[in-house]
Amino acid sequence: INCSNDIDTVSRIELEGNGLAGTLQPEIQVLVDMTDLFLDRNQLAGTVLPELADLVSLEILDIENNVFTGNPWAVLSKMTSLTSLRISNNTFAGPISSDIGLLTGLEDFWVATNSFSGGVPTTLGNLKSLRNLLLYENALTGTLPTEIGDCRTLEVFLGYQNQFSGEIPESLFQNTDLLSLRLEINRFSGTLSPRIGDLSALQDLRLSRNELSGELPSTIGGLSTLRNFIISANSFSGVFPDAFQSYTGLVFFDVRGNNFVGPLPASLFDVDSLRFAYFSNNAFSGQIPDNFADPPGLQDLWLDRNELSGFIPGIAPGDLLSLSEFIVQRNQLTGEMPDSICNLVDDANLERLWADCGADPPEIICDCCTQCFPRNRLLRGSLGDGEFHEPLMVGNF
């Protein structure tokens, strides 16, 4: 507990992670000069006290990771001095009030992992200073309001695991300060606007497990600072743009479970930072690019359940020493598994080398493969057969 120069004035309370239980008491209203209240990671319960609205100087309210209940907006929308509102991981429910637009000084709006329902109010666009918007793991529905494009200082938008639908509004891509955009596990549909290429600062893009369709715009080449590129389990189609020439830090790439055709994007393998590349369950065709072994830290390469043909290229000594999974079954590849790749099973880290070597005669002759498959194009439908790794986290949310 911090006090200001006046010994009788409390300016800050930090009681996070102290095992506190029970409910807040109305007497808290006397702390009218308090600016910061941290009560996260306790077992506090009950509804949000109306007396909290009397804390007219409060700038930071953090009551995350408790068991508060009810719909808090009748109280919280009156706390117009707030710059940071953090109420994630409670059991709040009901719609988010349009009065949230009255909190025009908000920089942090963290309401994740509750049971909020209904749509996102259009008044969200009033929050011109908003930097971090955390809506994930609720039951929010409907379309995202176009007014979200008015939050020009927005850096982090985590809206995953809700029931959002409709198109991703083009106005969202006006927020060119975005570092993280996570909208996976929703019901978004339609195509992806070429304006996504305007997000030149973006590091984390996750749109997986939606209903997005159409061709991927070539403007993804402008997302050169991405670390995670994840659009799996949608209905994207067409030729995948070979647009990675300016990428410098991409680590995690996942386009499994779409309808992409044509060649693999060879420029992806010129990105030295690449560690995980998942292409499973599309209709990619042509040969495996000769430069597929160039990323020095590549750990997983999943090419299974496509229409790839030709021979598997050999690799130079010292290449792919970090490779753990090389999965190429259920394609139209032929020939022999190169000795240079077989050597990785015995001498390096390659634990899973899977190919179409199980038929009689085999499509690929491979005595070193750790699992052989009879090629069967009717077995498409999963996101892949290997041991999937989780993408890197960006930010501390």
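Read-outs throughout are calculated quantities, based only on the coordinates presented, and are distinct from any laboratory measurement. These figures come from a predicted structure and were not determined experimentally. In this analysis, Cβ positions are derived from the backbone assuming ideal geometry, glycine residues included, and neighbour counts consider all displayed protein chains.
Among P26, P194, P217, which one shows the biggest mean-square fluctuation in a GNM of the chain, springs joining Cα atoms closer than 10 Å?
Comparing P26, P194, P217 in a Gaussian network model of the chain, the most mobile one is P26.
If you take the charge dipole of the stretch 24-113 about its Cα centre, with +1 on Lys and Arg Cβ and -1 on Asp and Glu Cβ, which of I60, L102, N71 is farthest toward its positive end?
Of the candidates, N71 comes out farthest on the positive side.
Rounded to the nearest 5, what % of the DSSP beta bridges within the chain are antiparallel ones?
If I count the DSSP bridges inside the chain, around 5 percent turn out antiparallel.
Which of N258, N349, N234 moves the most in a Gaussian network model of the chain with Cα springs under 10 Å?
Among N258, N349, N234, the largest GNM mean-square fluctuation belongs to N349.
Rg and Dmax of the stretch 85-174, using alpha carbons, in Å: what are they?
For the stretch 85-174, the Cα radius of gyration and maximum Cα-Cα distance read 11.8, 33 Å.
If contacts are Cα pairs under 8 angstrom and at least 6 residues apart, what is the relative contact order of the chain in percent?
Relative CO of the chain lands at 6 percent.
Of N65, N291, N90, which is the most mobile in a GNM of the chain whose springs link Cα atoms less than 10 angstrom apart?
N291
Rounded to the nearest Å, what's the spacing between the alpha carbon centres of the stretch 284-314 and the stretch 217-231? Just the number, please.
Distance between centres, Cα-based: 20 Å.
Dipole magnitude of the stretch 26-185 about its Cα centre, charges +1 at Lys/Arg Cβ and -1 at Asp/Glu Cβ only, in debye to the nearest 20?
Dipole of the stretch 26-185, to the nearest 20 debye: 240 debye.
How big is the shadow of the Cα convex hull of the stretch 127-193, averaged over all directions, in nm²?
3.9
Would you kindly work out the equivalent ellipsoid of the stretch 60-209 from its C-alpha gyration tensor and give its semi-axes, the square roots of five times the eigenvalues, largest first in whole Å?
24, 17, 13
So what is the relative contact order of the stretch 129-198, in percent, for Cα pairs below 8 Å that sit 6 or more residues apart?
Value for the stretch 129-198: 33 percent.
Can you give the relative contact order of the stretch 202-356 as a percent, counting alpha carbon pairs under 8 Å and 6+ residues apart?
Computed value for the stretch 202-356: 15 percent relative contact order.
Roughly how big is the chain's charge dipole about its Cα centre, with Cβ charges of +1 (Lys, Arg) and -1 (Asp, Glu), in debye to the nearest 20?
Around 1000 debye, computed over the chain.
Go from 0 up to the bin containing the longest alpha carbon distance in the chain, width 20 Å each, and give me the % of pairs per bin.
For the chain, the pair-distance distribution reads 25, 44, 25, 6, 0.
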